[in-house]
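Below: one structure, written as structure tokens.
Each value in this text was obtained by applying a stated rule to the coordinates, not by laboratory testing. Just so it is clear, the structure is predicted and the values come from calculations on it, not from any experiment. FYI the Cβ positions are ideal-geometry reconstructions off the backbone, even for glycines, and counts take in every protein chain you see.
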Amino acid sequence: MSRAELRAELEAGFRPYPFRNVAVALDPPEPAVVALGEGLSQTSAERFVPDWTRAGPNPGGSLGHHSRCLAAKLAWLETALRGEPQEQAAAECLRRLQAFWLKWAGYQATTAEELAGVLEAPR
């Protein structure tokens with residue numbers, strides 16, 4: 001499989017993460033809030049572009065980065081619910097999503113033999 005195909009496969013595996021709706025974690029998850037959360041998830045998924053230039057080997061996993069990503073998305077949702085400007089919260093969410101991606105992709109490529117070489121620079 002080519003490097004481009006391996007990267008596309010890895011990106012497809014990551015694709016569900018930007019779409020996670022954190023509004024369902026609220027108690028109770030009111031329909032309007034869930035809908036807002038879905039909108040924010042759609043926006044983050046549309047704006048997110050995986051950065052391969054900074055992805056590197058990571059044998060340690062990505063759990064901490066995932067939880068910080070979810071916390072940033074929840075903060076964005078709370079900002080939207082308060083009716084405050086969302087640009088800063090959205091930017092922080094995307095920054096955390098990228099950090100999660102870098103660790104997640106690095107971990108996948110480090111621990112899955114079939115992805116060997118996906119992080120290497122093209123020749």
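Test of understanding: among 23, 90, 80, which residue is more than 28 Å from residue 107 (Cα to Cα), in contact (Cβ under 8 Å) with a residue 24 or more places away in the chain and surrounded by 12 or more Cβ atoms within 10 Å (Cβ to Cβ)? None of the others qualify; the one that does is 80. The condition (being under 22 Å from residue 95 (Cα atoms) and surrounded by fewer than 16 Cβ atoms within 10 Å (Cβ to Cβ)) is satisfied by just one residue among 46, 30: 46.
Here's the yes/no breakdown for (1) out of contact with any Gly (no Cβ under 8 Å at 6 or more places or on another chain); (2) surrounded by 16 or more Cβ atoms within 10 Å (Cβ to Cβ); (3) in contact (Cβ under 8 Å) with a residue 12 or more places away in the chain:
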| residue | (1), (2), (3) |
| --- | --- |
| 69 | yes, yes, yes |
| 85 | yes, no, no |
| 94 | yes, yes, yes |
| 107 | no, yes, yes |
| 111 | yes, no, yes |
